[in-house]
Protein chains: 2
Amino acid sequence: MKRKSVTSRDVAKLAGVSQSAVSRSFSSDAKVAEKTRKKVMAAARELGYRPNSIARSLITRSSRTIAVVTYSLDNPFYAFMLEKASRFFQQQGYHLLLFFAPSDRGFDTVIDEIIRSQVEGVLLLAITLDNAQAEEVADFGIPVVIINRTVNYAGISQVGSDNFSGGYWAGQHLASLGHRRIAYLAGLPDSSTDHQRHAGFIEGLATMGAACHALEVGNYRYTDACDATRRLFAAKSPPDALFCANDVMAIAAMETMRHEFGLMVPNDVSVIGFDDVPMASWPSHSLTTLQQPVDQMIMKATELLMGQIHQTDTTPEHVTLPVTPKLRSSTQRLAR
Amino acid sequence: MKRKSVTSRDVAKLAGVSQSAVSRSFSSDAKVAEKTRKKVMAAARELGYRPNSIARSLITRSSRTIAVVTYSLDNPFYAFMLEKASRFFQQQGYHLLLFFAPSDRGFDTVIDEIIRSQVEGVLLLAITLDNAQAEEVADFGIPVVIINRTVNYAGISQVGSDNFSGGYWAGQHLASLGHRRIAYLAGLPDSSTDHQRHAGFIEGLATMGAACHALEVGNYRYTDACDATRRLFAAKSPPDALFCANDVMAIAAMETMRHEFGLMVPNDVSVIGFDDVPMASWPSHSLTTLQQPVDQMIMKATELLMGQIHQTDTTPEHVTLPVTPKLRSSTQRLAR
DNA sequence: ATGAAAGCGCTAACAT
DNA sequence: ATGTTAGCGCTTTCAT
């Protein structure tokens, strides 16, 4: 049975106190006699009263809400981050408003919704803002932290890992293993992570006098990566080593090579991924990869956001955390 | 630079109209002359005005917000569902408040937050409510839909798939393949899904005159499932077939059997999972499993929730959707 | 310590 | 079509 919303006024009447006494009884830093609070709580329980957070937010002008925006959850790396970050905010007494970036433009609508919602902070998972968008949000004084993308805007904090160095290590390592036809399986072509990993890779190869043998785009997605792999290995001169811009694609590539091309990893082809998702360490894949420090990234990002929310004088930071090569059995020295 | 919050009043002043004209200009079903709206919009743009959703919600008494509660995102099955459901609500103009069920009790706190937030509906992903909790929420007239768990409370809708039949098929199929030592790798011991899959399994085995050879608990989690598998195969009489209550555990079991016990799947052991997550169809795993109709489940659940939000006379439904056996290569007839 | 009163920023009658 | 008025349910001075 639907209760007609009970207000603090109703509770006050029943308890025989003023409405503000009720309000005080429900706030932690109360200047209320223990006796009145008891009375109020009893009345509240009887009526099934719950303070209306919306009314509270309106008057205190604080929503205690964080918006998290993400692109997709089918990369476990981001699902994990979302969970971690959410639990953190929840524990801090914040609510979490979740938005998915629409594929078909319309991202400005999301920004508008976020602003209207009076959120106190925005966390962007693998999403970036163009200058107009950044300015729009900044103009309202809403702190923003971006994870795993860069922005062209000084007012916004970002935390990511050292993609360039990761790519560099991958390139150098594969070349030093004696591979000659080293290919790149690219992520989203317009993402900063892809650019940086790619650039590092090229440079790492260069230190060994090598160059990128072939490149196909997998958009950081499993099925796209399967297709890209097919193109790569159907070529006249197929790769003998492959650096993939993330683990999901690396696993897709290994599956495709093994089961459609009858190739062995690492005997015929060495493979390196990026992220170190849990799956990467499963024995079937045992993927050599570059570990991103997820926990640190989340910690830093949430810390930054909280800092900017609480002290308005905090200056935005651009944090780059180190990646760690994880040597597993998807790479080996080229058999002569 | 932080703009001091601009209100509709400010816009009204600048546009030379009344405050309510501003309000009307920002509502779709407007009784406003095109000319006034133009003026208002111009002034709004100049000041950077955005309607405050909180104030709007307070007066309209509708938050246009749905709460989604989940336990964890490390099963891709639920990550996928969350994304699907979120996108749906977002597209319908609803906001999504995300909560993670705290492991250490404290779930009542989440319920309290949900009620205070004035959400219009609650979607529970693989989470159930005890009677007191169900009553609490129902008392406030908040529609609730539970996915993949059952409730002991008539006022709440639930949608799930036919776990019993799935288990039944698995038991019967494994027995009919000639296996004699068929074990069960259980999910969370107190979940309805586990009970039903288990019960169906036992019954399915029984039709073939077989019984469950061994049981270990994997809590629906990868690492727990690895441990459970070790226990299962370290036994004097290890299984020759295994039904796992979900795909994640089935994959964990296959990894462990293959790489720690040197067993072949399906030659030495047949394995069946449950869910049909994308990973299950990857060639390395090629897992025979019971496909849950995720899309239908989400569609039905969101439809039910929307129905209950919009017509208060909608009666709660308990929907059970059929599962589909997906025969892949993790099962085969026992070699004689 | 408590109550009265004044709004938070908006929508929705009600007049005009 | 537009303005005036009265709140939505709460927090927060300000007196007492």
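The values are calculated or read from the model by the stated rules, or taken from the named source; none is laboratory data. What you see is a predicted model; the values in this text were computed from it and never measured. All Cβ positions, even for glycine, are placed from backbone atoms using ideal geometry, and neighbour counts span all protein chains on display. Just so you know, the surface numbers come from the protein's heavy atoms only, side chains and all, with ligands and any DNA or RNA stripped out. Shrake-Rupley method; radii C 1.70, N 1.55, O 1.52, S 1.80 Å.
A compact table of results
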{"read-out": "Pairs with Cβ under 7 Å, 6+ apart, first in segment B:31-45 and more than 6 Å from DNA strand D (Cβ to nearest atom), second open to solvent by 50 Å² or more (accessible area, probe 1.4 Å) and part of a helix (DSSP H, G or I)", "value": "B:Ala43/B:Leu14"}
{"read-out": "Boolean, B:Arg61 is closer than 29 Å to B:Val119 by Cβ and more than 10 Å from chain A (Cβ to nearest Cβ)", "value": "no"}
{"read-out": "Given (1) part of a loop (DSSP other than H, G, I, E, B); (2) touching a helix residue (DSSP H, G or I) at 6+ places or on another chain (Cβ under 9 Å), index of the condition B:Ala301 fails", "value": "(1)"}
{"read-out": "Residue in segment A:143-160 that is open to solvent by 40 Å² or more (accessible area, probe 1.4 Å), among the basic types (Lys, Arg), farther than 13 Å from A:Phe274 by Cβ and in a loop (DSSP other than H, G, I, E, B) present", "value": "no"}
{"read-out": "Test result for A:Thr312, farther than 19 Å from A:Ser165 by Cβ and hydroxyl-bearing (Ser, Thr, Tyr)", "value": "yes"}
{"read-out": "Pair list, Cβ < 8 Å and 6+ apart or interchain, from segment A:134-147 residues that are more than 11 Å from chain B (Cβ to nearest Cβ) and without any contact (Cβ under 8 Å) to a residue 60 or more places away in the chain to residues that are in a strand (DSSP E or B) and open to solvent by 20 Å² or more (accessible area, probe 1.4 Å)", "value": "A:Ile146/A:Gln158"}
{"read-out": "Only listed residue being away from chain A (no Cβ under 13 Å) and under 30 Å from A:Phe261 (Cβ atoms), chosen from B:Val248, B:Val269", "value": "B:Val269"}
{"read-out": "Residues being in contact with a helix residue (DSSP H, G or I) (Cβ under 8 Å, 6 or more places away or on another chain) and either polar (S, T, N, Q) or open to solvent by 30 Å² or more (accessible area, probe 1.4 Å) (or both) - total across segment B:66-89", "value": "9"}
{"read-out": "Residue satisfying all of: in segment B:90-134; of a type in the set (Asp, Glu) and under 19 Å from the mean Cα position of the chain (by Cα); most open to solvent (accessible area, probe 1.4 Å) among these", "value": "B:Asp130"}
{"read-out": "Count of residues meeting criterion [open to solvent by 30 Å² or more (accessible area, probe 1.4 Å) and either within 8 Å of DNA strand C (Cβ to nearest atom) or in contact with a Ser or Thr (Cβ under 7 Å, 6 or more places away or on another chain) (or both)] in segment A:35-48", "value": "4"}
{"read-out": "Subset of segment A:49-58 that is closer than 16 Å to A:Ala12 by Cα and not polar (S, T, N, Q) - its residue that is farthest from DNA strand C (Cβ to nearest atom)", "value": "A:Arg50"}
{"read-out": "Odd one out for A:Leu14 among (1) open to solvent by less than 50 Å² (accessible area, probe 1.4 Å); (2) touching a residue at least 12 places away in the same chain (Cβ under 8 Å); (3) more than 9 Å from DNA strand C (Cβ to nearest atom)", "value": "(1)"}
{"read-out": "Residue that is least open to solvent (accessible area, probe 1.4 Å) [pool: residues in segment A:21-33 that are at pLDDT below 95 and within 8 Å of DNA strand C (Cβ to nearest atom)]", "value": "A:Val32"}
{"read-out": "Unmet requirement for A:Thr7, which otherwise passes all of (1) closer than 30 Å to B:Thr315 by Cα; (2) open to solvent by 50 Å² or more (accessible area, probe 1.4 Å); (3) away from DNA strand C (no atom under 15 Å from the Cβ); (4) at pLDDT 95 or above", "value": "(3)"}
{"read-out": "Some residue of segment B:2-11 being on the phi > 0 side of the Ramachandran plot, out of contact with any helix residue (DSSP H, G or I) (no Cβ under 6 Å at 6 or more places or on another chain) and within 14 Å of DNA strand D (Cβ to nearest atom)", "value": "no"}
{"read-out": "Answer from B:Arg61, B:Arg87 - the residue that is of a type outside the set (A, V, I, L, M, F, W, C) and within 16 Å of DNA strand C (Cβ to nearest atom)", "value": "B:Arg61"}
